[in-house]
1. For Ala156, state whether it is of a type in the set (Gly, Ala, Ser) and under 23 Å from Pro30 (Cβ atoms).
2. Can you pull out the residues in segment 69-108 that are crowded, with 18+ Cβ neighbours inside 10 Å, free of Cβ contacts under 8 Å to residues at least 40 places away in the same chain and small (Gly, Ala, Ser)?
3. If a residue has to be in a loop (DSSP other than H, G, I, E, B), closer than 14 Å to Thr122 by Cβ and aliphatic (A, V, I, L, M) to count, how many in segment 169-215 make the cut?
4. Take segment 75-101 and flag every residue that is among the hydrophobic types (A, V, I, L, M, F, W, C), more than 17 Å from Leu146 (Cβ to Cβ) and part of a loop (DSSP other than H, G, I, E, B).
5. Take residues that are closer than 22 Å to Ser68 by Cα and either out of contact with any Cys (no Cβ under 6 Å at 6 or more places or on another chain) or among the hydroxyl-bearing types (Ser, Thr, Tyr) (or both) and tell me which of the strands (runs of 3 or more DSSP E) falling wholly in segment 108-168 contain 3 or more.
Amino acid sequence: MEQISMTAGRGFAFLFRGIKVLRPERPIHPEGVSLTGSVERLPPTRRSGISWLDTSGVVQVQARLSRSIGLPGPLPDIVGLALRIPADPGPFDVLLASTGMAGASRFILTPHRFASEAAFTTLMPYQSSRGPVLLAARPLDSALRLPAKTEDFRQALGDRVWTLGLYHSALRGPWTRFATMSLSLDRTQQDTDRRFDPLLHPLPGAGIYRWTRTLREPSYTTARKPS
């Protein structure tokens, strides 16, 4: 498994280097919407084995919604939702991408035209005391239609709040909701130059499997390098 992930990681890094010729700042997710809000963690009904997920409380969150490939607006694209959450000893990042949530679809990237119709997962698991753990986010208000295209998203959301449920699960089986996330437009900036990186800013109480690190690290390092 590790050898496969190492080879794939090198392949992704090579691809990123090519894309950076055209997009030196952000090879993927080139344009985004800066969001701000809160995460309210609920009293745990089923523990994940990750301390932060299993502790109730309210914290602030900074987020960025973006279209991964940057295709022309009318076309569906993989939608990304990046989170930065304050914690002790430092903030942590979570990267989510549009997928399914049922069965194997939680590992399959799925393009969408509307962010409000997408479910988001981490794709790759965290390591907990109970085994592998996936995270997911899913919009709770089905009546709120939010295009994934950045400017259209801003106009559609306006002064409203986008509410999503946050969930954890094993590699298969049911999802357990552990929090509610409320996001609004960041009035201080339309987009953010913040770099979200779950390897540099890990989730408290969670480990990173070696194979996921070797898969991600080469492309993340390439994306972070100054052009």
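A short reminder: the numbers here are calculations on the coordinates, not readings from a lab. Values in this document were obtained by computation on a predicted structure and should not be read as measured data. No Cβ is skipped: glycine too gets one built from the backbone with ideal geometry, and neighbour counts run over all protein chains shown.
1. Details: of a type in the set (Gly, Ala, Ser): yes; under 23 Å from Pro30 (Cβ atoms): yes.
Yes; evaluated as a whole, the condition is true for this residue.
2. Ala97, Ser98
3. Adding up the residues that qualify gives 6.
4. Across segment 75-101, the qualifying residues are Ala87, Met101.
5. The strands (runs of 3 or more DSSP E) meeting that bar are 119-121, 131-139.
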